[in-house]
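Quick notes on the structure that follows.
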Amino acid sequence: MRVYNFSAGPSTLPLEVLKKAQEELLDFAGTGMSVTEISHRDKAYEAVVRDAEALTRELLGVPDDYAVIFVQGGASTQFAAVPLNLMHSGKADYIVTGNFAKKAWQEGKIYGEAVKIGDSSDKVYTYIPDVDKLEYSEGADYVHITSNNTIFGTRYVKFPDCKAPLVADMSSDIFSREIDVSRFGVIYAGAQKNLAPAGVTIVIAKRSLIGDPLPVCPTMLRWKVQDENGSLYNTPPAFSIYMADLVLRNLKEKGGVKAINEVNEYKAGLLYDFIDNSSFYRNDVVPEFRSIMNVPFVTGGADTDAKFVAEAKKNGLVSLKGHRLVGGMRASIYNAMPVEGVKALIEFMKKFELENK
Ligand SMILES: *Cc1c(COP(=O)(O)O)cnc(C)c1O
C-alpha cells in the first residue's frame, strides 16, 4: 500500500511521475536501455537535460541572461560555491533564520568576512526579521537568505530590497510559489525536497555575476564552467535530472507554479486552521511567517508526541517525527503531497486528540 509520506527530504514525488519512470525503466526513449545506463553524451540523454532546463526557465520565468544549471553535492556544497563564485571584495551579508541558514553563514566565514546582519535564534527561529530594518554592509558582494526554513517552518513573505545581489537557498520551496527571478542574483536548491530524488542541485544565476570566480574556486564549483557546458562538464547525476524533468513536465500539466501555489496555500490553510482551532495541538511560528511547505506542531508532551508519530505510521501517515532540533511533529506538505493526504492527516489528528486528551 502506498502511504502518505510527510518526510522533509528526500520526500514524496508525484505518483504519476513514479509510474512513468517505472514504465520507462527498461527502455528509455526507444534506446533499449534504462536512462541510468546510457552515456550522458547520448542525444537521447542530452535532450532530457535541455528539457529540464527549458521547463525550469518556463515555469519560473527565468530571464534569458540567467544560467540554469544542474550540479552535484547538494545545497550544502553550494554554501561554499556561493562565496567561491561571488566573494570578490571578501565581504558578504547573511540573514540567519534557521539551521541551514546558519550553516551557509558558517561556510561563508571560511572564505571571507561573512556578516550576520539578521538572526532569529532569539525566538527559536519562529519568525523572519524585518528585512527593511536590517543594516546591510556597504560594499558587500551579496546578501544570503534561506527562503523557506525547512526545520522550524518559516518562510519569507517579503524578500530584502538590497543593493548587493540577493542569493537565496530555495531548497525547500522552489517551484512551490511564484517568484520574480530578476530580483535575485543567484537561486540554488537541492532537489530532494520539492523537485526530484537526491543527487542534483539546481542553480539559477545571473550570468553577469558569475564570470569571475575566485582563483581558488574548484572547476566543478565554477557556475560559469557548468553553464558553458550545459550542465554536462562531467558525468551528471543522470537519473535525478531525468526525474526532475518528469516532475517539471507533471507540474506544467497541472497548470504550473501559480496553480500549484494555490493548492499549496489551500493545503497549508487546512492544517494551520485545524491546529489553531485545537486546544490540543500547537504551532509556535508567528502566523505571518508560517511556511506552506513544512508545518511543525506539538501536543505539549514528548511522550504523547512519540505516540502520535507511532500511531500515525500505523495509519499510513509516515515520517511525521519533527527534526531532532525541534522535537514534536513536522508535516512536510510539498507540491507532491495531495490534498487528500493533508485531509487524512487532519482526520487522524482529530481522532488522536479525542483518544488522548
Ligand atoms: C535540506 C536543505 C539543505 C541541505 O541540502 P543537502 O542537499 O542535503 O545539502 C539546505 N538548505 C535547505 C533550506 C534545506 O531544506
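The values are calculated or read from the model by the stated rules, or taken from the named source; none is laboratory data. What you see is a predicted model, and the numbers here were worked out from it, not measured in a lab. Here Cβ is always computed from backbone atoms with ideal geometry, including for glycine, and neighbour counts include all displayed protein chains. The area values use the complete protein model at the heavy-atom level, side chains included, leaving out ligands, DNA and RNA. Shrake-Rupley method; radii C 1.70, N 1.55, O 1.52, S 1.80 Å.
Among (1) in contact (Cβ under 8 Å) with a residue 12 or more places away in the chain; (2) open to solvent by 90 Å² or more (accessible area, probe 1.4 Å), which single condition is Ser279 missing? The failed condition is (1). Across region 188-197, the number of residues qualifying as under 20 Å from Ala168 (Cβ atoms) and touching a helix residue (DSSP H, G or I) at 6+ places or on another chain (Cβ under 7 Å) comes to 6. So, Glu265, is that one open to solvent by 60 Å² or more (accessible area, probe 1.4 Å) and assigned to a helix (DSSP H, G or I) or not? Spelling it out, Glu265 is indeed open to solvent by 60 Å² or more (accessible area, probe 1.4 Å) and assigned to a helix (DSSP H, G or I).
The set of residues in region 61-81 that are open to solvent by 60 Å² or more (accessible area, probe 1.4 Å) and more than 16 Å from the ligand (Cβ to nearest atom) comprises Asp64, Asp65. Within region 303-339, the set of residues being of a type in the set (Val, Ile, Thr) and farther than 13 Å from Phe6 by Cβ comprises Thr304, Val326, Val339. Mind checking which pairs have a first residue in region 293-305 that is in contact (Cβ under 8 Å) with a residue 40 or more places away in the chain and a second that is open to solvent by 10 Å² or more (accessible area, probe 1.4 Å) and assigned to a strand (DSSP E or B), Cβ under 7 Å, 6 or more apart or different chains? Here the result reads Asn294/Arg330; Val295/Arg330; Pro296/Arg330, each pair linking region 293-305 to a residue that is open to solvent by 10 Å² or more (accessible area, probe 1.4 Å) and assigned to a strand (DSSP E or B). Entry remark, region 1-40: residues being within 16 Å of the ligand (Cβ to nearest atom) and either open to solvent by 60 Å² or more (accessible area, probe 1.4 Å) or part of a helix (DSSP H, G or I) (or both) number 1 in total.
Screening the candidates Glu58, Glu107 for the property of being modelled with pLDDT of 95 or more, surrounded by 15 or more Cβ atoms within 10 Å (Cβ to Cβ) and at negative phi yields one hit, Glu107. Going through Leu214, Leu221, Leu195 one at a time, which residue ends up being more than 16 Å from the ligand (Cβ to nearest atom) and among the aliphatic types (A, V, I, L, M)? Answer to the selection: Leu214.
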